[in-house]
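Colleague: This is the structure, below, for whatever I ask next.
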Amino acid sequence: MKKSKQGNKISVFYFLILLIVTSVILVIYINNIISVNSLSVINNNLKEEINKNIQTNDLLRAEAEKLSSFERVKSIAAEKYSLTYKENATDGNTKIILNKSQLK
């Protein structure tokens, strides 16, 4: 009878090895969870920053369009430089030819 009882016993050495392996697996698993969570926080922060930059770009684009509108340019040209715009001031059939040396 003694032999059957000894066969059922788990040795302390194997139990400790099993405990160490289980601990290592748990530590690796928990470390992965923590890493994924920190990466998701960084990802969310970057998405928020991108959205803020998109909004800023849209505002700047709208302001640039407003500042470069024809009516605004026309009023500044009239006030500062005494320039006027006439609707039919050019002849549609006349071609203007410039040399490259004139562009510099």
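Colleague: Once the Cα gyration tensor of region 12-83 is diagonalised, what are the square roots of 5 times its eigenvalues, in whole Å and ordered largest first, as equivalent ellipsoid semi-axes?
Modeller: On the way: eigenvalues 916, 8, 4 Å².
Working from the Cα gyration tensor, I get semi-axes of 68, 6, 5 Å.
Colleague: So, one more: Report the extension gain between residue 70 and residue 85 in nm, rounded to one decimal, defined as 0.36 nm multiplied by the number of residues separating them, less their alpha carbon distance. All intermediate terms of the calculation are to be shown ahead of the outcome.
Modeller: Working: separation 15, 0.36 × 15 = 5.40 nm, distance 1.06 nm.
Once the chain is fully extended between residue 70 and residue 85, it gains 4.3 nm.
Colleague: Let me ask something else. Can you work out the FRET efficiency for the pair residue 12 and residue 36, with r the C-beta to C-beta distance and R0 = 25 Å, to the nearest 0.05? Numbers along the way, then the final one.
Modeller: Details: r = 36 Å, r/R0 = 1.45.
Between residue 12 and residue 36 the formula returns 0.10.
Colleague: Under a crude label model (7 Å from the Cα following the beta-carbon direction), how far is residue 19 from residue 46 in nanometres?
Modeller: 4.3 nm
Colleague: Along the charge dipole of region 12-83, pointing to its positive end and built from +1/-1 on Cβ of Lys, Arg, Asp and Glu, which listed residue (73, 31, 59) has its Cα farthest out?
Modeller: 73
Since every read-out is calculated from the coordinates, none of them should be taken as a lab result. Since we're looking at a predicted model, the values are computed, not measured. Virtual Cβ from ideal backbone geometry, glycine too; neighbours counted across all protein chains shown.
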